[in-house]
Amino acid sequence: MNKVFSCLLLLLSLLYVSCGNRKALTGGKEDVEKPTIVSIIPEQFSDLTGKNIEITFSKPIDRSSVYSGDGGIYIYPLITNKKFRWKDNVLTIEIDETLQVNQNYHLTVSQQVKDMRRNNLDKDYHFTFHTGTLLYGNISGTITYELEEDQNSPITLNVFSA
């Protein structure tokens, strides 16, 4: 009886010690996929008069990353009377002012925008809309690189008036 009791006590001790291991929860693989912009309505180079802008992201977005700090969404020329409305992963920018006539409007969605897992947007997105007639312009010149290894790097050029 003493051996049975000893074996039972040893078994219970082993079970007690092995229960509740203090290890980090796995929860699956870490989400490192960067969100993208899947679609935008109206399409780029469309007339924006009397319309809202609807941006669909590939993943749910952390809304504070759009509003806080440097901000993640810029419109130039500035549209001051606008509201951001969210539904799942779709952002609607409601424009509550009369836009300038025959003006190009540039929308930038920067990499400051993050998803719910704090992954930044995969790149900066630039969209151009217009009211009235779409304005065109040309820029020409020579690009001089400070470092020779930068010569194969992509170039982004944005030109805005003061």
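Structure above, values below:
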item: R0 of 22 Å, Cβ-Cβ distance GLN100-SER39: FRET efficiency to nearest 0.05; result: 0.25
item: Where labels lie 7 Å past Cα in the beta-carbon direction, separation of THR49 and LYS29 in nm; result: 5.0 nm
item: Label-point separation in nm, ASN81 to THR56, each point 7 Å along Cα→Cβ; result: 3.0 nm
item: Pairs from LYS59/LYS123; LYS29/LYS59; LYS59/LYS114; LYS59/LYS82 whose Cα-Cα separation, in the structure shown, is over 20 Å; result: LYS59/LYS82
item: Rounded to the nearest 20 debye, dipole of the stretch 39-100 from Cβ charges on Lys, Arg, Asp, Glu; result: 180 debye
item: Positive-end residue of PRO60, VAL109, PRO35, charge dipole of the stretch 25-162 with Cβ unit charges; result: PRO60
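Bear in mind that the values in this text are calculations on the coordinates, not laboratory data. Computed from a prediction, not measured in an experiment: that's the story for all the values here. Note: ideal-geometry Cβ built from the backbone for every residue, glycine included; neighbour counts use all protein chains shown.
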